[in-house]
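Data first, discussion second: the structure below is written as structure tokens.
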Amino acid sequence: MPSNTDEEWGRTGVLNDMRQSDMIPVRVNKEMGSYRHTIPRKVHLELKYYQVSRGTKRLVEANMYFDELCTTQQPEEFGGSLPILDMMQERGIFPCEIDINGNMKSDGYDLEIQYYSLPWFDLLNRFEFGGSVYFVFFTLVGLTICSMGCFVYGMNRLLTKLRYPPQFMGSALVKLVSRPQLEGVALAVIPYMTAILTIYSVFTDSTFSFNDIHRNWILGGRVGDKEQTANAIGRLGSAFVVLGFYSIWRGAQKLIPSAQAKRVDDKPEMKDDSSGGKLATKRLHFIWIGLSIQALLMCLWEFSYSDVFRNHIYRFKIIFQLCQMILDLVISHIMGDRLLAAPFLVSIQMCELLITIGARNFVEFTLSFLVEVALSVVQRLFLYPLIKHIMTLWPRWKLLVTHALGNKGLTREEKKEQEQLWKKVNEDIELRSEGVEPLLDSLSIYSVDKTGGIMLPFMCLLLMLLYNETEMAMSYNINQYELLYYALFALYMIPWMSIVDSFILSSQELLYGE
């Protein structure tokens, strides 16, 4: 109730204090609750709670639905608006009951309250349990993916054709392949996160003088609160864009140094004039490919906000995994170097993992993560080696078709050239099939997947920091508190995935070792 005549009903300080407390919002049905000139005759209030103990309930969710709507417009014979009445009639809404004077008899309604307890998985999706429950749940997911890797390794160990199968290295292999990546990602993330936090503090802290500066030179006077917020977001985004372009340029300089360009591209007699041009062209080519991939990933992110993606997330995960394999081969071919293609492949892997947050709930997110791990096992053990084998043998098959179609009427010199070409192609195939090349391919694929998985918790924390600025998590209907659980899940899965990777690498050794 208002305490004095200056306060109006529903606008007192007490109500404002209640809004600042930890309360449950009541969501009103948009379809029936957004019609103008209507009132409901039945109101359904749905209350969902968590049965904490035998005598304790905790309210979790509240929804309100309107039913049996009628329009407040009077009938046409009493002066009601004909266009509004026609529009309401098309929606199945008719005038409320009136008296002989054309006035509504009553504006009352029947209130029906329904309350029931939520099942266990619904409570898990709403993050109502304590941290120990989620720790156990995360551990079960980790044990599940480890059992998948153990099963795959066990089957390959039983069915291997090797006379002397190699011994499973276990912890030694995990330490060998995981420690360098963890150290490398840490060395890259620490300075980059420092730069992001510095930029964020500069453009969002009120102690700096940027808040009093208009973003448009034509405007004058005092900067309003809404304009200050819009200015801060715009300047923050511009600073991040500059940081991103600078990082790409510095990455191009480090990955394509001058010494490498001279060693690979330049001939001794031409290095004075053409080395600088070739170096700049190669770096610009690297930057252009990176920007093109980022534009493609932006489109993928926008698509992940849609209901189509949420309702068919498992199908799209399979499609994205196949597309990722194709992009891997295409980018590696375009760049001509697996090392130059690695940053782009890591960004694609990070995007594919990040859009998994777009699942309808947390349980579905974990299930899609399990699907991701299963698809990764199939890719690394079978699909990638199969594609690499086809690409390795493709020159031989092409040469066989050429010989079969055009081997008639050749001179002795031409036949001799074909025999030399055949010998050279077979030697190249042997070099690619044996030695260190297959091992480097498997390790490069592992490195891309592992680096993307390590970067995922940092991406979730970054989305928490820039929750209102990016609106990405908001588009997934995830708040900052819930996003913390996604980050903890991604962080907790890193050691478990290292164990799975050890099983996969050992299985590759059993499948393709000699």
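Please treat every number below as a calculation from the coordinates, not as lab data. In this text, all values refer to a predicted model and were calculated from it rather than measured experimentally. Cβ sites come from the backbone with ideal geometry, for glycine too, and all protein chains shown count toward neighbours.
For the chain, calculate the relative contact order in percent as a whole number, restricting contacts to Cα pairs under 8 Å that are 6 or more residues apart.
Averaging sequence separation for qualifying contacts and normalising by length gives 17 percent for the chain.
Suppose we keep just the DSSP beta bridges with both residues in the chain; what percent of those would be antiparallel, to 5?
Numbers: 15 of 28 bridges.
Bridges in the chain that DSSP calls antiparallel: roughly 55 percent.
Please give the contour-minus-distance gain from Val52 to Lys161: 0.36 nm per residue of separation, less the Cα-Cα distance, rounded to one decimal in nm.
Numbers: separation 109, 0.36 × 109 = 39.24 nm, distance 5.61 nm.
The span from Val52 to Lys161 would gain 33.6 nm if fully extended.
Let me see the pair-distance distribution of the range 24-118: every alpha carbon pair, 5 Å bin width, integer percents in order.
Calculated P(r), rounded to whole percents: 3, 12, 19, 17, 14, 10, 8, 6, 5, 3, 2, 1.
Given +1 on the Cβ of Lys and Arg, -1 on the Cβ of Asp and Glu, and no further charges, what dipole in debye does the range 24-118 carry about its Cα centre, rounded to the nearest 20? Intermediate results must be reported in sequence, preceding the final value.
Values: 11 positive and 14 negative charges, 172 e Å.
With only Lys, Arg, Asp and Glu charged at Cβ, the dipole is about 820 debye.
Kirkwood Rh over alpha-carbon pairs of the range 94-202, then Stokes-Einstein at 20 °C and 1.002 mPa s: what D in µm² s⁻¹, rounded to an integer?
97
Counting only other residues whose beta carbon sits under 9 Å from that of Arg41, what net charge do I get with K and R as +1, D and E as -1?
Computed value for this residue: -2.
Percentage of Cα-Cα pair distances in the range 305-441 greater than 26 Å, rounded to whole percent?
In whole percent, the long-distance tail amounts to 45.
How much length is gained if the chain between Tyr115 and Trp397 is pulled fully straight, taking 0.36 nm per residue apart and subtracting their Cα-Cα distance, in nm to one decimal?
So the extension gain works out to 94.6 nm.
Could you order peptides 123-135, 496-508 by the average number of other Cβ atoms within 10 Å of their residues, highest first?
496-508, 123-135
Looking at the range 24-118 only, what percent of DSSP beta bridges run antiparallel? Nearest 5 please.
Looking only at bridges with both residues in the range 24-118, the antiparallel portion is about 55 percent.
List every residue whose amide H lies under 5 Å from the amide H of Ile98, counting only residues 5 or more places away in sequence or on a different chain, with H placed 1.01 Å from N in the peptide plane.
Answer set, sorted by chain and number: Lys105.
Stretched out fully, how many nm does the piece from Leu59 to Leu243 gain, at 0.36 nm a residue minus the Cα gap?
61.8 nm
Give the peptides 159-170, 73-84 in descending order of average Cβ contacts within 10 Å, highest first.
Packing order, densest peptide first, comes out as 73-84, 159-170.
Packing-wise, with mean Cβ within 10 Å as the measure, how do 340-346, 87-93 rank, highest first?
340-346, 87-93
Please express the Cα-Cα pair-distance distribution P(r) of the range 286-335 as a list of whole percents, one per 10 Å bin, running from 0 to the bin with the greatest distance.
The percentages, shortest bin first, are 22, 48, 24, 6.
How big is the shadow of the Cα convex hull of the chain, averaged over all directions, in nm²? Show your work: numbers first, answer last.
On the way: hull surface 173.0 nm².
For the chain, averaging the hull's shadow over all directions gives 43.3 nm².
Amide H to amide H, which residues 5 or more places from Val28 or on other chains are under 5 Å from it, using H placed in the peptide plane?
Result for Val28 returns Met64.
Pull up the cross-link candidates among the lysines for Lys415, meaning alpha carbon to alpha carbon under 29 Å and not fewer than 8 places away within one chain.
The qualifying lysines are Lys398, Lys423, Lys424.
If I model the range 385-499 as equal point scatterers sitting on the Cα atoms and use the Debye formula, what is log10 I(q)/I(0) at q = 0.18, 0.20, 0.22 Å⁻¹?
Result of the Debye calculation: -0.95, -1.04, -1.13.
Cα to Cα, under 21 Å, and not fewer than 8 places away if on the same chain: which lysines meet these conditions relative to Lys317?
Lys450
State which helices in the chain qualify, where a helix is a whole DSSP H run, it must extend 20 Å or more along its own axis by its Cα atoms, and its mean Kyte-Doolittle hydropathy must be at least 0.5.
What comes out of the filter, once short or polar helices are dropped, is 131-159, 171-204, 313-335, 338-354, 362-378, 437-465, 480-512.
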